[in-house]
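Engineer: For reference, the structure I am asking about is given below.
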């Protein structure tokens, strides 16, 4: 067979290359899995209650998330990292996910109470909490501005579309001014907007102040992921297994396969491709539970989907990254 090298050194090199790529991708996810496990242990031991988890999660969201976004955009030459094609693809595919999910779920599910939770689970990912830390583990802090830029555009789509979604299925109508207020007062967006203002006005933080901001940014992921682990109710599987399977497979396998195939075909590589990969492969957003519960949707189902997709994503995410890494795409 001409051109096929089956010599032992060649086979050994190939195995070594594949194994090295697999280890790199697993190592990127392992820290997040460890933090989640610590949270699960804390909850199981009774060291923290459900009420405390919700309270501290809210505090972390308000106080630490803005610093994480600010630190990942501040002084990163945003003009050089603002890839409009990347933002356009990420935003457009998120909307496409929403449209396909809406049409599909409405076809197979007749109960509006179930529809909102299912649709939201299929398109809304935990991009900030699970995605950004993994990108930093892969490329190093200061080299993931494209990921933060995609977050800046995709998170408002998540928030606004979720409100419209649940209002529709409970027979209400979304208020445009309320939507704008929700977007602008989201701590993640606030942190990003402040960073943009600093860059536009060329404001530089004093060294000691920047050091404090960086420390707060670094603390965000470990604390937030531990709380996420503590908030996972591993015994709460009472809903229809069929709905859980449909949403889990769609969120972690089908949509990532479609979205990444399109991204690769369009020539995305490197950090940009990883940004899209993490956007597509992260588990159901933790906020989806609160959204469904507060807007007359099936909060129990939404919570179960957060749990199962978070656990399974610790396996599926490194596998997606491994496939791309082995293909030489980043």
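The values are calculated or read from the model by the stated rules, or taken from the named source; none is laboratory data. It should be emphasised that the depicted structure is a prediction, and the values quoted were computed from it without experimental measurement. For neighbour counting, all protein chains shown are included, and Cβ atoms are generated from backbone atoms with ideal geometry for every residue, glycine included.
Engineer: Please verify whether the range 141-153 includes one or more residues that are over 30 Å from residue 28 (Cβ atoms) and surrounded by fewer than 17 Cβ atoms within 10 Å (Cβ to Cβ).
Structural biologist: There is no residue in the range 141-153 that is over 30 Å from residue 28 (Cβ atoms) and surrounded by fewer than 17 Cβ atoms within 10 Å (Cβ to Cβ).
Engineer: Taking residue 92 as the residue in question, decide whether it is closer than 20 Å to residue 183 by Cα, touching a strand residue (DSSP E or B) at 6+ places or on another chain (Cβ under 7 Å) and modelled with pLDDT of 90 or more.
Structural biologist: So residue 92 does not fit the description; no.
Engineer: Go through the range 215-238 residue by residue and tally those that are assigned to a helix (DSSP H, G or I) and over 22 Å from residue 132 (Cα atoms).
Structural biologist: Count: 0.
Engineer: Can you tell me which of 234, 228, 312, 324 is loosely packed, with under 15 Cβ neighbours inside 10 Å and in contact (Cβ under 8 Å) with a residue 12 or more places away in the chain?
Structural biologist: Only one candidate passes the filter, namely 234.
Engineer: Go through (1) modelled with pLDDT under 85; (2) not in a helix (DSSP H, G or I) for residue 47 and report which single condition fails.
Structural biologist: The single condition residue 47 does not satisfy is (1).
Engineer: Being crowded, with 23+ Cβ neighbours inside 10 Å, in contact with a helix residue (DSSP H, G or I) (Cβ under 8 Å, 6 or more places away or on another chain) and modelled with pLDDT of 85 or more: is that true of residue 160 here?
Structural biologist: no
Engineer: Also: Residues in the range 214-236: is at least one modelled with pLDDT under 85, farther than 19 Å from residue 33 by Cα and under 23 Å from the mean Cα position of the chain (by Cα)?
Structural biologist: Yes, the range 214-236 contains a residue that is modelled with pLDDT under 85, farther than 19 Å from residue 33 by Cα and under 23 Å from the mean Cα position of the chain (by Cα).
Engineer: Moving to a separate point now. On the given criteria, is residue 180 out of contact with any helix residue (DSSP H, G or I) (no Cβ under 7 Å at 6 or more places or on another chain), surrounded by fewer than 22 Cβ atoms within 10 Å (Cβ to Cβ) and under 14 Å from residue 291 (Cβ atoms)?
Structural biologist: no
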